[in-house]
Amino acid sequence: MKRALVDYSTSSESESEREIAPVQAKKRKLLPTLSATLAPAVPKDDPSQHQGRIRSQPFVDGQFATHIYAPISTSILHNIIESVIKDVREACKDLELFSLLEVPKQEGISDDVSTETGKELLEELHLSVSRPLFLRSHQRDLVTKTVKDIARRTNSSPSTIIDPSRSFHASFASFGILNNDEGTRSFLVIEIGAGHAEFSNISTALTPLLTELRQPAYYSSPRYHVSIAWILTTATDAPKFPESLQKTLQDKFGEPLREIVLEINEICTKIGKTTTRCKLTT
């Protein structure tokens, strides 16, 4: 029987001499450009749009400025604050004084407008029980819940002398001048007398949470106050509040100021643009 012949490649068809067709790379499809309307809005740090104020911390997407405070109604403070602001502006004509009682009038927002300035009047001022905080998204619920717990007495310590969850009365003691931590603004304030211990107890109740989140606790020697006006101090030659101003204001407005009684019955947590109000127990 004859066997089939096997056809072997000749030397001319060796691997080294074969022509290999080049592999063509596949073209990648380009994704469509994201519409500008879908891109997250980044706030412009333009001091000219914010009365010369400079952002204390650069904008970070997903980070929320947070403030914990007791709201103070302006209805009982309006007359005395307007009188104080008027006197300071007349006595210190070199100061560009910004009142915290007023904000620029926005059409359709409110008809409650100062007859002298044409600016919208705020309904409340803030008495801080925390420093400015900057939270990540996942930390917001914890902060809100903790403040609610303090207001509902669930975090009260048996050794606490003053219950941080109970409503209380407070009053003002004197005028003061305080600077912000960045040294960019100087504030004209009215400081708390009666009620200082209660506010301190609320700040103390917040300290474990702030430590856990690596946020700064409130000041070790706090001066609880309500800011009523401010000036810029960024320029080296910027005019300052005169040293005699506090005594002048105290002599004229001290007595009616001390007669004002504040009822503190809620604590607010403002995270970004969202404010949560927590009622204190009576």
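Only residues that are open to solvent by 20 Å² or more (accessible area, probe 1.4 Å) and more than 28 Å from residue 255 (Cα to Cα) were counted in region 186-218, giving 12. The conditions of being polar (S, T, N, Q) and in contact with a Ser or Thr (Cβ under 7 Å, 6 or more places away or on another chain) are met by residue 269. Would region 168-176 turn up any residue that is surrounded by 16 or more Cβ atoms within 10 Å (Cβ to Cβ), in a loop (DSSP other than H, G, I, E, B) and not aliphatic (A, V, I, L, M)? No, the conditions are met nowhere in region 168-176. Scanning region 194-233 for residues that are in a strand (DSSP E or B) and more than 16 Å from residue 174 (Cβ to Cβ) gives 230, 231, 232. Just to be sure I understand, how many residues within region 235-258 are assigned to a loop (DSSP other than H, G, I, E, B), out of contact with any strand residue (DSSP E or B) (no Cβ under 8 Å at 6 or more places or on another chain) and either open to solvent by 50 Å² or more (accessible area, probe 1.4 Å) or without any contact (Cβ under 8 Å) to a residue 60 or more places away in the chain (or both)? So the count comes out to 5.
Considering the conditions (1) assigned to a loop (DSSP other than H, G, I, E, B); (2) modelled with pLDDT under 95; (3) more than 15 Å from residue 228 (Cβ to Cβ), residue 130 is excluded by exactly one of them, (2). Among the residues of region 53-69, which ones are modelled with pLDDT of 90 or more and more than 12 Å from the chain's Cα centre (by Cα)? None; the set is empty.
The values are calculated or read from the model by the stated rules, or taken from the named source; none is laboratory data. Remember, it's a predicted structure, so these values are computed and weren't measured experimentally. Cβ atoms come from the backbone with ideal geometry, glycine included; neighbour counts cover every protein chain shown. In case anyone asks, the SASA skips ligands and DNA or RNA and just uses the protein heavy atoms, side chains included. Shrake-Rupley method; radii C 1.70, N 1.55, O 1.52, S 1.80 Å.
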